[in-house]
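This report concerns only the one structure given below.
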Amino acid sequence: MPVNQENSNDSEKETMPVQSADGKIRLQLYMARSGVASRRASESIITSGRVTVNGVTVTELGTKVSPADCVCVDGKEIHAEEEKRYVLLNKPSGYVCSLADEHGRPIAADILKEKYSERLYNVGRLDMFSSGLIIFTNDGEFAATLSHPSAELEKEYIVDTSLPIPRNLAQEFTDGVRVDNVFYKCQTAEELNSHRMRIVLVEGKNREIRRVFESKEIGIKHLMRIRIGCVGVEGLQPAQFRDLTRAEVSGLLNLCRNKQN
């Protein structure tokens, strides 16, 4: 079946309907609804030549497709998901946040396969040795909104250490700490006792908490994320998961949009 192509610019993106009269939608939206990535990230995948429609490589962002078309990304056929999934997992330590791992380590997404047949991917990451909350979804736009730096979505952690925490570390981390030429700054930090600290981040740079503590030669015994925005870990044991409620999904999006506006 031929695909419909048209020129695209920013003004057209704002004014054109999502679905045309013949039932076709833009390729990047189809990809987002298939759980590949957000619409913006899907545009980059298209222009890099990784997408085929009915066996033909497509790089035009104006391309439109229907469910009858065969759409492949990196040679794998994709299908638009009919139902959006939003799943909260209490990730155990020892699991990686990746859809595949070349080293054969346990994958957090595999915990969900007993219940969900959809291709779900994680929103953000937790390193292998950290535990706690992580959200999985097949909604690319939802993932992109939560992951965008301008969202400034709060993430709260509890850190247990092997050695006593320096009394000034909470204040230093709140003011900002430079480690190996990278600046780390938390939203708030509170020393709960000599070996435990509560930390709230909005940036979430790679291994941020661990790097700050390592710079003070303080080993971390346990690092757990207990809150993402308006969603907490209450009621979820390690390796347990649940669907986010409609109110929680709306609440997370509203928190991000309020920051972006």
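Return the only residue of 51, 96 being on the phi < 0 side of the Ramachandran plot, β-branched (Val, Ile, Thr), open to solvent by less than 40 Å² (accessible area, probe 1.4 Å) and in contact with a Pro (Cβ under 9 Å, 6 or more places away or on another chain). Explain how you work it out, then say what you get.
Values: 51 fails: in contact with a Pro (Cβ under 9 Å, 6 or more places away or on another chain).
Of the residues listed, the single one that is on the phi < 0 side of the Ramachandran plot, β-branched (Val, Ile, Thr), open to solvent by less than 40 Å² (accessible area, probe 1.4 Å) and in contact with a Pro (Cβ under 9 Å, 6 or more places away or on another chain) is 96.
Quick one: which residue in 110, 127 is of a type in the set (D, E, K, R), outside any loop (DSSP other than H, G, I, E, B) and closer than 25 Å to residue 146 by Cα?
After applying the criteria, what remains is 110.
Residues of the range 135-164 being part of a loop (DSSP other than H, G, I, E, B), aliphatic (A, V, I, L, M) and surrounded by 21 or more Cβ atoms within 10 Å (Cβ to Cβ), which ones? If you could, list the steps in order and put the result at the bottom.
Pass one, the range 135-164, residues part of a loop (DSSP other than H, G, I, E, B): 138-139, 148, 152-154, 162-164.
Of the ones still in play, those that are also aliphatic (A, V, I, L, M) are 153, 163.
If the condition is that a residue be part of a loop (DSSP other than H, G, I, E, B), aliphatic (A, V, I, L, M) and surrounded by 21 or more Cβ atoms within 10 Å (Cβ to Cβ), then 153 is the only one that fits.
In the range 165-209, which residue that is aromatic (Phe, Trp, Tyr) and touching a strand residue (DSSP E or B) at 6+ places or on another chain (Cβ under 7 Å) is surrounded by the most Cβ atoms within 10 Å (Cβ to Cβ)? Reasoning before the result, please.
Start the filter on the range 165-209 by keeping residues that are aromatic (Phe, Trp, Tyr), which leaves 173, 183-184.
Narrowing the set further to residues that are touching a strand residue (DSSP E or B) at 6+ places or on another chain (Cβ under 7 Å) leaves 173, 184.
Details: 173: 23, 184: 19.
The extreme case among them is 173.
Regarding residue 187, is this residue more than 21 Å from residue 90 (Cβ to Cβ) and either in contact (Cβ under 8 Å) with a residue 24 or more places away in the chain or aliphatic (A, V, I, L, M) (or both)? Spell out the reasoning first.
Working: more than 21 Å from residue 90 (Cβ to Cβ): yes; either in contact (Cβ under 8 Å) with a residue 24 or more places away in the chain or aliphatic (A, V, I, L, M) (or both): yes.
So residue 187 fits the description; yes.
Can you pull out every residue in the range 218-232 that is outside any strand (DSSP E or B) and either surrounded by 18 or more Cβ atoms within 10 Å (Cβ to Cβ) or at pLDDT 95 or above (or both)? Full working, then the answer.
Of the range 218-232, the ones outside any strand (DSSP E or B) are 218-219, 229-230.
Answer for the range 218-232, where residues must be outside any strand (DSSP E or B) and either surrounded by 18 or more Cβ atoms within 10 Å (Cβ to Cβ) or at pLDDT 95 or above (or both): 218, 229, 230.
Do you know which of the residues in the range 62-80 that are farther than 14 Å from residue 37 by Cβ and of a type in the set (A, V, I, L, M) is surrounded by the most Cβ atoms within 10 Å (Cβ to Cβ)?
Initial filter on the range 62-80 (farther than 14 Å from residue 37 by Cβ): 62-70, 72, 75, 77, 79.
Then drop every residue that is not of a type in the set (A, V, I, L, M), which leaves 65, 68.
Values: 65: 24, 68: 9.
Result: 65.
Given the conditions (1) buried (at least 17 other Cβ atoms within 10 Å of the Cβ); (2) farther than 24 Å from residue 52 by Cα; (3) at pLDDT below 90, report the number of the one that residue 104 does not fulfil.
Here residue 104 clears every test but (1).
Can you tell me which condition residue 123 does not meet? The list is (1) open to solvent by 70 Å² or more (accessible area, probe 1.4 Å); (2) under 25 Å from residue 203 (Cα atoms); (3) within 16 Å of the chain's Cα centre (by Cα); (4) in contact (Cβ under 8 Å) with a residue 24 or more places away in the chain, and all the others hold.
(1)
The values are calculated or read from the model by the stated rules, or taken from the named source; none is laboratory data. In this text, all values refer to a predicted model and were calculated from it rather than measured experimentally. A quick note on method: Cβ atoms are made from the backbone with ideal geometry, for glycine too, and the neighbour counts reach across all protein chains shown. Only protein heavy atoms, including side chains, enter the accessible area calculation; ligands, DNA and RNA are left aside. Shrake-Rupley method; radii C 1.70, N 1.55, O 1.52, S 1.80 Å.
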